[in-house]
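The values are calculated or read from the model by the stated rules, or taken from the named source; none is laboratory data. The shown structure was predicted, so the numbers you read here are calculated from the model rather than taken from an experiment. Please note: Cβ atoms are built from the backbone with ideal geometry, for glycine as well, and neighbour counts cover all protein chains shown.
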Amino acid sequence: MEEIAEIIGVTRERIRQIICKHSPTGSTSLNKPKRTCIECGSIMSYRRNRSYIYCSAECRDKNTTRRRLEALASCQECGSTKNLVPRRNQKGIAYRAVCTACNTARSKRYRQSSLRNKKIIRAIAKRSSEKNKDKRNIAIRFNYYRRTYGIVPPEKCTGCGEAKKLLAHHVDYSKELLVCWVCSLCHRKIHDKGITVPVEYLTDYSYLRRRTLPLRSRPKTQEGV
């Protein structure tokens, strides 16, 4: 290649570019296997990405449509061609089909597995509640004060400063009305990494204990009852 470049009066890189341009494989090496489109069988250039299996978007659409029609022609589980129910994606396009018997069996398996998972989750939550019973009682009492006196959390998280749904984090569980308002992500970081919350981020609602609770209206009773 260097001798050809010296004779013609161009660089070796230019000779390589000319060979790549006019080569049927798009490369200087003629020993590479030819890459063909799986739809039309035409030879594709090596300049395209090696992960490509179609020569054009038209071939891709044709192959996708043909495979979709084949998938909708019979049940994908038992191979039956009767009483087919199409399965659709989020865009509403049918991409596969199952018969009513297989669809019923699949729904039954899903319900059983879902019920089993719910039981497991409830058992884990129950064990966690029993393990952290004191913390749970403090959270219940704070929610009682929050509903009774109308405690309104701030608009932004004290940790990240974003406007999200906020949770009340107790720094000291012996002080049930001393909380820090943080989002769920910051709350998880505080517990996982053991981050110490500064004093200026805390809000003390202990003054609510000195207030008298509003009297609830009692139903009138008949005399002599």
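So which strands (runs of 3 or more DSSP E) stay within the range 71-175 end to end and still have 2 or more residues that are closer than 30 Å to Y207 by Cα?
Working: elements: 84-88, 94-99, 167-170.
Correct list: 167-170.
Collect the residues in the range 54-70 that are in contact with a Lys or Arg (Cβ under 9 Å, 6 or more places away or on another chain) and not in a helix (DSSP H, G or I), keeping them in residue-number order.
So the first thing to find is which residues in the range 54-70 are in contact with a Lys or Arg (Cβ under 9 Å, 6 or more places away or on another chain), and the list is 54-55, 68.
Of everything in the range 54-70, those that are in contact with a Lys or Arg (Cβ under 9 Å, 6 or more places away or on another chain) and not in a helix (DSSP H, G or I) turn out to be Y54, C55.
Taking the residues in the range 20-39 that are β-branched (V, I, T) and either at pLDDT 75 or above or in contact with a strand residue (DSSP E or B) (Cβ under 9 Å, 6 or more places away or on another chain) (or both) as candidates, determine which candidate is surrounded by the most Cβ atoms within 10 Å (Cβ to Cβ). Steps first, answer last, please.
Pass one, the range 20-39, residues β-branched (V, I, T): 25, 28, 36, 38.
Cutting the leftovers down to either at pLDDT 75 or above or in contact with a strand residue (DSSP E or B) (Cβ under 9 Å, 6 or more places away or on another chain) (or both) gives us 25, 36, 38.
Numbers: T25: 18, T36: 13, I38: 11.
Top of the filtered list is T25.
Given the options T196, T148, name the one that is touching a Leu at 6+ places or on another chain (Cβ under 9 Å) and among the polar types (S, T, N, Q).
Working: T196 fails: touching a Leu at 6+ places or on another chain (Cβ under 9 Å).
Unique residue meeting the criteria: T148.
Would you check if R67 is in contact with a Phe, Trp or Tyr (Cβ under 8 Å, 6 or more places away or on another chain) and either at pLDDT 80 or above or surrounded by fewer than 11 Cβ atoms within 10 Å (Cβ to Cβ) (or both)? Can you show your working first?
Values: in contact with a Phe, Trp or Tyr (Cβ under 8 Å, 6 or more places away or on another chain): no; either at pLDDT 80 or above or surrounded by fewer than 11 Cβ atoms within 10 Å (Cβ to Cβ) (or both): yes.
Considered against the rule, which asks whether it is in contact with a Phe, Trp or Tyr (Cβ under 8 Å, 6 or more places away or on another chain) and either at pLDDT 80 or above or surrounded by fewer than 11 Cβ atoms within 10 Å (Cβ to Cβ) (or both), R67 comes out as no.
For Y144, are the conditions met, namely being loosely packed, with under 14 Cβ neighbours inside 10 Å and of a type in the set (F, W, Y)?
On the way: loosely packed, with under 14 Cβ neighbours inside 10 Å: yes; of a type in the set (F, W, Y): yes.
Considered against the rule, which asks whether it is loosely packed, with under 14 Cβ neighbours inside 10 Å and of a type in the set (F, W, Y), Y144 comes out as yes.
In the list L178, L167, which residue meets the criterion of being closer than 21 Å to V199 by Cβ and touching an Asp or Glu at 6+ places or on another chain (Cβ under 6 Å)? Don't jump to the end; show me each part of the working.
Working: L167 fails: touching an Asp or Glu at 6+ places or on another chain (Cβ under 6 Å).
Criteria check complete, one pass: L178.
Is it the case, given these coordinates, that A123 is farther than 30 Å from L69 by Cβ and at pLDDT 85 or above? Reasoning before the result, please.
Values: farther than 30 Å from L69 by Cβ: yes; at pLDDT 85 or above: yes.
Taking the combined requirement at face value, the residue satisfies it.
Under 6 Å by Cβ, and 6 or more places apart or on different chains, what pairs join a residue from the range 79-107 that is farther than 18 Å from R67 by Cβ with one that is in a loop (DSSP other than H, G, I, E, B) and charged (D, E, K, R)?
As it stands, the answer is C102/E77, since those pairs meet every condition given.
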